[in-house]
Amino acid sequence: MRRFAAERAKRLLNGCLLSSRSWPSASLCSSPAAAASVDSAAGPVTLDTINPKVIKCEYAVRGEIVSHAQRLQEELQMKPGSHPFEEILYCNIGNPQSLGQQPITFFREVLALCDHPLLLDNSEAPALFSSDAIERAWKILDVIPGMATGAYSHSQGIKGLRDAIAAGIAARDGFPANPDDLFLTDGASPAVHMMMQLLIRSEKDGILCPIPQYPLYSASIALHGGSLVPYFLDESTGWGLEISELKKQLEDARSKGITVRALVVINPGNPTGQVLAEENQKQIVEFCKTEGLVLLADEVYQENIYVDDKKFNSFKKIARSMGYGDKDLSLVSFQSVSKGYYGECGKRGGYMEVTGFSAEVREQIYKVASVNLCSNISGQILASLVMNPPEAGDESYVPYIAEKDGILTSLARRAKALEDAFNSLEGVTCNKAEGAMYLFPRLHLPNKAIEAAKAVKAAPDAFYARRLLDTTGIVVVPGSGFGQVPGTWHIRCTILPQEDKIPAIISRLKAFHESFMEEFRD
């Protein structure tokens, strides 16, 4: 072995000497100094040498405030009593189970049986699992090649599960759905990235996005090298989406040489919590058809509706009800198992329904999906369950409805309690959360607070959020991370902390805010 290594070294050295004779000015092996120079030139990776698109990309919901919160949490664990609060309360991200929400029993029973099929043959299975969970698990395993949840699947997702999801979509909308239009993904986020990869060719390609927006969109547009074209939601009308604003921003972008490829609509809204009216949705569909835009419909909060006078309608349902088919409108609908009443964020399941694209383009989408091989199988199974929950007459139906309604009615109460609390604070106004999982109150801050923020080179809402965290342990996200009308300041707060903790959060928030306003009163 040593002789082989020595011979190889000799060959490399001879090759290097031959190279130096052939190209004397470019010799890389002639001296240690030259070698050191090469090493220095290659150097370590620095901020100056990485992809600038990565630097431009920001994701506020897990940004600086959250990093600081995690440091505080570690300090509390190592030294209890080191801060004026006993725990960190994460109100920054829609992560229900991290804050105590329990998973839906039926979903988890089916997952357990699919992941460990030997349980199905156990004589004690009927005593441990509901009969419909056992029946559903068998149906799912029958469509999984080899009954193996640990194996790769088709890159679009398991065909039988796509069939089930398509059936669920058709039942929801009253219009047919094609399983071949479905791409199952690890949550909605990878699906959004796939569409940005498809649509963005250069910085001259733009995507119309709501402001405020969920930072996934600004981050993915930046990563893929495109331009975010903002359209502002109207806070004074409950975060209304005005077609006149869409037209204005589209024309402005085109005048700057930007080719606008798509319109992002988040319904129910994130971070704003509004639910679009059916007539407004029809206007949006008509706008996209007229202007030749792809409609990217983020519909991951479709189960989270908290007001009686609003209901969720998918954009596909709206388009089909208007008589528009695949030849009239390119539409991509995103759904996720992370939100709704199920909150299975860690299972990373979701899908996009892609309609109105040519067969040639669909092949390219499939190619991109195949690069990642497939999405995880547990997430695929969950997506099929979310779109096909227990039905009346099933053993699990009554407890399932109790769990679902319990979660959603509790979220509605939490939303109302936090909304009232924000509106009771001096200099704070907060629109109603009609849906989703968030409130986006506006902060009317004193000039002294704004100047104090400038002194530490922070946005005023980030300054407020940092002070709130350091004083109370409550984690919220500055509105500047989502975009807002210039000169306005907001915070995004989830409604997800367990209901018995809401009074304490409100009490801490009020005490902090009163002290903050008094300290910086003009």
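The values are calculated or read from the model by the stated rules, or taken from the named source; none is laboratory data. Keep in mind the model is a prediction, meaning the values are calculated, not measured. With ideal geometry, Cβ positions are generated from the backbone for all residues, glycine too; neighbour counts draw on all protein chains shown. Surface areas here come from the heavy atoms of the whole protein model, side chains and all, with no ligands, DNA or RNA. Shrake-Rupley method; radii C 1.70, N 1.55, O 1.52, S 1.80 Å.
Overview of results
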item	result
Failed item, numbered, when residue 412 is tested on (1) touching a residue at least 24 places away in the same chain (Cβ under 8 Å); (2) closer than 25 Å to residue 64 by Cα; (3) not charged (D, E, K, R)	(2)
Answer residue from segment 232-257, given it is assigned to a loop (DSSP other than H, G, I, E, B) and without any contact (Cβ under 8 Å) to a residue 40 or more places away in the chain and is nearest to the chain's Cα centre (by Cα) among those	242
Given (1) open to solvent by 60 Å² or more (accessible area, probe 1.4 Å); (2) in contact (Cβ under 8 Å) with a residue 40 or more places away in the chain; (3) in contact with an Asp or Glu (Cβ under 9 Å, 6 or more places away or on another chain), number of the condition residue 311 does not satisfy	(2)
Pick from segment 269-301, criterion β-branched (Val, Ile, Thr) and over 17 Å from residue 313 (Cβ atoms), ranking: surrounded by the fewest Cβ atoms within 10 Å (Cβ to Cβ)	290
Flag if residue 283 is touching a helix residue (DSSP H, G or I) at 6+ places or on another chain (Cβ under 9 Å), more than 22 Å from residue 432 (Cα to Cα), polar (S, T, N, Q) and without any contact (Cβ under 8 Å) to a residue 60 or more places away in the chain	yes
Any hit, segment 103-114, residues being part of a loop (DSSP other than H, G, I, E, B) and out of contact with any Pro (no Cβ under 7 Å at 6 or more places or on another chain)	yes
Any hit, segment 430-440, residues being over 17 Å from residue 183 (Cα atoms) and among the polar types (S, T, N, Q)	yes
Evaluation of residue 363 against (1) among the acidic types (Asp, Glu); (2) touching a residue at least 12 places away in the same chain (Cβ under 8 Å); (3) farther than 23 Å from residue 504 by Cβ (one fails), failing number	(2)
Unmet requirement for residue 350, which otherwise passes all of (1) open to solvent by 30 Å² or more (accessible area, probe 1.4 Å); (2) in contact with a helix residue (DSSP H, G or I) (Cβ under 7 Å, 6 or more places away or on another chain)	(1)
Residue that is most open to solvent (accessible area, probe 1.4 Å), among those in segment 439-466 that are within 30 Å of residue 308 (Cβ to Cβ) and of a type outside the set (Phe, Trp, Tyr)	442
Residue check for residue 476: crowded, with 19+ Cβ neighbours inside 10 Å, touching a residue at least 60 places away in the same chain (Cβ under 8 Å), hydrophobic (A, V, I, L, M, F, W, C) and more than 23 Å from residue 95 (Cα to Cα)	no
From 260, 264, 192, 229, residue being open to solvent by less than 20 Å² (accessible area, probe 1.4 Å) and either among the basic types (Lys, Arg) or not in a strand (DSSP E or B) (or both)	192
Complete set of residues in segment 479-489 that are in contact with a Phe, Trp or Tyr (Cβ under 9 Å, 6 or more places away or on another chain) and either under 21 Å from residue 98 (Cα atoms) or not in a strand (DSSP E or B) (or both)	479, 480, 481, 482, 483, 484, 485
All positions within segment 417-438 that are touching a residue at least 40 places away in the same chain (Cβ under 8 Å) and either open to solvent by 40 Å² or more (accessible area, probe 1.4 Å) or among the charged types (D, E, K, R) (or both)	424, 426, 431, 432, 434
Selection from segment 314-342 of residues that are assigned to a loop (DSSP other than H, G, I, E, B), surrounded by fewer than 24 Cβ atoms within 10 Å (Cβ to Cβ) and either assigned by TED's automatic domain parsing to the domain that holds residue 436 or of a type outside the set (S, T, N, Q) (or both)	322, 323, 324, 325, 326, 327, 328, 329, 340, 341
Some residue of segment 388-399 being within 24 Å of the chain's Cα centre (by Cα) and open to solvent by 20 Å² or more (accessible area, probe 1.4 Å)	yes
Check on residue 469, open to solvent by less than 30 Å² (accessible area, probe 1.4 Å) and either at pLDDT below 95 or within 30 Å of residue 86 (Cα to Cα) (or both)	yes
Condition check for residue 198: within 30 Å of residue 52 (Cα to Cα) and either part of a helix (DSSP H, G or I) or assigned by TED's automatic domain parsing to the domain that holds residue 296 (or both)	yes
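For (1) closer than 25 Å to residue 496 by Cα; (2) at pLDDT 95 or above; (3) assigned by TED's automatic domain parsing to the domain that holds residue 327, each residue gets a yes or a no:
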| residue | (1), (2), (3) |
| --- | --- |
| 218 | yes, no, yes |
| 222 | no, no, yes |
| 240 | yes, no, yes |
| 249 | no, yes, yes |
| 260 | no, yes, yes |
| 265 | yes, yes, yes |
| 284 | no, yes, yes |
| 287 | no, yes, yes |
| 297 | yes, yes, yes |
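This table checks each residue for (1) among the aliphatic types (A, V, I, L, M); (2) surrounded by fewer than 13 Cβ atoms within 10 Å (Cβ to Cβ).
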{"site": "101", "(1), (2)": "no, no"}
{"site": "106", "(1), (2)": "no, no"}
{"site": "109", "(1), (2)": "no, no"}
{"site": "112", "(1), (2)": "yes, no"}
{"site": "127", "(1), (2)": "yes, yes"}
{"site": "140", "(1), (2)": "yes, no"}
